1. Restricting to the stretch A:33-52, count the residues that are touching a strand residue (DSSP E or B) at 6+ places or on another chain (Cβ under 9 Å) and either crowded, with 23+ Cβ neighbours inside 10 Å or not charged (D, E, K, R) (or both).
2. Taking the options A:73, A:62, A:55, name whichever one is in a loop (DSSP other than H, G, I, E, B), surrounded by 14 or more Cβ atoms within 10 Å (Cβ to Cβ) and among the hydrophobic types (A, V, I, L, M, F, W, C).
3. In the stretch B:45-64, which residue that is away from chain A (no Cβ under 14 Å) and surrounded by fewer than 24 Cβ atoms within 10 Å (Cβ to Cβ) is nearest to the chain's Cα centre (by Cα)?
4. Only one of (1) surrounded by 15 or more Cβ atoms within 10 Å (Cβ to Cβ); (2) touching a Ser or Thr at 6+ places or on another chain (Cβ under 6 Å) is not met by residue A:12, so which one is it?
5. Applying the selection to the stretch A:230-249, what residues are under 16 Å from residue B:109 (Cα atoms) and crowded, with 17+ Cβ neighbours inside 10 Å?
6. Which residues, counting only those in the stretch A:123-138, are more than 7 Å from chain B (Cβ to nearest Cβ), touching a strand residue (DSSP E or B) at 6+ places or on another chain (Cβ under 7 Å) and within 11 Å of residue A:87 (Cβ to Cβ)?
7. Would you be able to tell me the number of residues in the stretch B:123-143 that are in contact with a helix residue (DSSP H, G or I) (Cβ under 8 Å, 6 or more places away or on another chain) and either more than 13 Å from chain A (Cβ to nearest Cβ) or in a loop (DSSP other than H, G, I, E, B) (or both)?
8. For the stretch A:168-186, what are the residues that are of a type in the set (A, V, I, L, M, F, W, C) and either surrounded by fewer than 24 Cβ atoms within 10 Å (Cβ to Cβ) or modelled with pLDDT under 95 (or both)?
Amino acid sequence: MRRDHPPRPPESLSWFEASARQRIAALVDTDSFAEELGPEQRETSPHLGGFDLPVQFDDGIVVGRAMLGGRPVLIAAQEGRFMGGSIGEVHGAKLTGLLRAAGTLRRDTVILFDTGGVRLQEANAGEVAVAEILRALVAARLAGARVIGLIGGRAGCFGGGSLIAACCSSLVVSEQARIGVSGPEVIESSRGVEEFDSMDRALVWRTMGGKHRYLIGGADHFALDTAASFRAAARRALDQSCQLTLATLRREQTRLETRFAALGSFSDAPAIWAAL
Amino acid sequence: MTLAEILQSLLFADGGVPLGSGLITGLGHLGVGEPARGDGRIHVLGVVDGVELGVEQAIALSGRVLHIAEIADDAPILMLLDCRAQCKTRRDELLGLNEYLAHLAKALMVADQEGHRTAGLLYGGAAAGALIATGLATSVLVALPGATPEVMDFASMARVTKLSLDALQQKTDSMVAFAPGLGNLVRIGGVCTILRPEQPLASQIAAVLLCTGGGDERDRLGLQRQGRPKAASIARRVAADIVNG
């Protein structure tokens, strides 16, 4: 556990541009963050060496405890600048451990997503890690903890990360957020450029962007691209009740069925927005 | 084993009822006198015929799972899997496929919480988000020999990792954490065990279901089988330090 605190970043800090550690420092109450299994422990990926790739001492995720608006929370932040925030064995296990603690303590948890999904160089380990994270997250929610997801980083929230995000109690997104199971490049390489041109930035944003997700109900709170705005939205999310029960899922089923029936025939976002 | 053989071994007279494109549902039986709790009945769902898991399939499956969860029996749920990855289309992403897949995973986990133990049986393909939302969201995932799980097809992997196809192929022999295939998913701890097709399937599934109900054992399996050297200890250390701190 480390308690050496960097200076608090300004409230105007761009969430999109910031690092994982800057985001945490700007999000939580001043000097309240205590990291677990920090970089000084040097718990690095055991698999990247086989690809002659560099490792990072925190494996691209920062986890620990903090206070947010005077309330104790657990917190995790993915570092999109290390291998696209991808989820490998160690990265995933740190988040799993945090969420298991959240379930045991019934402690609200905030996850700052910034990930392309499973780290393909350790694909099997990452895939099962995502499954373990989902189970720990759902167990924490069933125990009564809230899990709030914040999305607006450079790497977006893709692949397995997008499934973790959609299991959260609530999601905060900015306009810069992108959420998808298959990212633009994966769709293009799988179905061709006619299906999805991954270089078409406008298409990417209107298909997977934060505004679209918010409009169709895939995210609950909209934030500006500043640390202050994300902090305010996270505090609002933490004030809402969020029980996960069979009845919750029944309502979710109706919501998603209704969306599919109403919007399933559209192939581009503007038609959907017009229909909403 | 083929789907027909699997269904026959679960005492399906009707081959299962189609639930939609690539989906089946029905009520099977694990056999009288087997070591099963309850009366031996089992709810069977299938994502079959190599279908891709899109919004349409996911919402039909989750609806069925929730319907079962609301039934006041304690019959377990078995999910049969021979599918591809999630449906990689612009339309499915526009509609928020991640929400549909996550909802299916949550439905399976909450059904388990409601007393319906869950298991997955992988007998064909399954990949990426489709595997996470189905088999890996059940309490225990088992497989039959010949199953072909993968995380992503090599062409997409090459594009995302910016490695050549040749370079990726060379890694498949040596790297458990990376290379596709059933054996590696077993060693990682994602698949609990491989069933014996020459033995009655129903009693093997009944036995597997009896082992569920504890915590998530997959990281410990991955450690024992030398597929994931660090996951179990890292998760335990983080959780223990926070809970005890």
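1. Here is the first cut: in the stretch A:33-52, the ones touching a strand residue (DSSP E or B) at 6+ places or on another chain (Cβ under 9 Å) are A:33-40.
Next cut, either crowded, with 23+ Cβ neighbours inside 10 Å or not charged (D, E, K, R) (or both) only: A:33-34, A:36-39.
Residues in the stretch A:33-52 being touching a strand residue (DSSP E or B) at 6+ places or on another chain (Cβ under 9 Å) and either crowded, with 23+ Cβ neighbours inside 10 Å or not charged (D, E, K, R) (or both): 6 in total.
2. Numbers: A:73 fails: in a loop (DSSP other than H, G, I, E, B); A:62 fails: in a loop (DSSP other than H, G, I, E, B).
Of A:73, A:62, A:55, the one residue that is in a loop (DSSP other than H, G, I, E, B), surrounded by 14 or more Cβ atoms within 10 Å (Cβ to Cβ) and among the hydrophobic types (A, V, I, L, M, F, W, C) is A:55.
3. Kept after step one, since they are away from chain A (no Cβ under 14 Å), are these residues of the stretch B:45-64: B:45-51.
With surrounded by fewer than 24 Cβ atoms within 10 Å (Cβ to Cβ) added as a condition, the list becomes B:48-51.
Numbers: B:48: 12, B:49: 15, B:50: 14, B:51: 15 Å.
Applying the filter and picking the extreme gives B:48.
4. Status for residue A:12: all satisfied but (1).
5. Going residue by residue through the stretch A:230-249, those that are under 16 Å from residue B:109 (Cα atoms) are A:243-249.
Residues satisfying the conditions are A:244, A:249.
6. A:126
7. 6
8. Quick first cut of the stretch A:168-186, residues of a type in the set (A, V, I, L, M, F, W, C) only: A:168, A:171-173, A:177, A:179, A:181, A:186.
Scanning the stretch A:168-186 gives a single hit, A:186.
The values are calculated or read from the model by the stated rules, or taken from the named source; none is laboratory data. Here the structure is a predicted model, which is why all the values come from computation and not from measurement. Cβ: placed from backbone, ideal geometry, glycine included. Neighbour counts: every protein chain shown.
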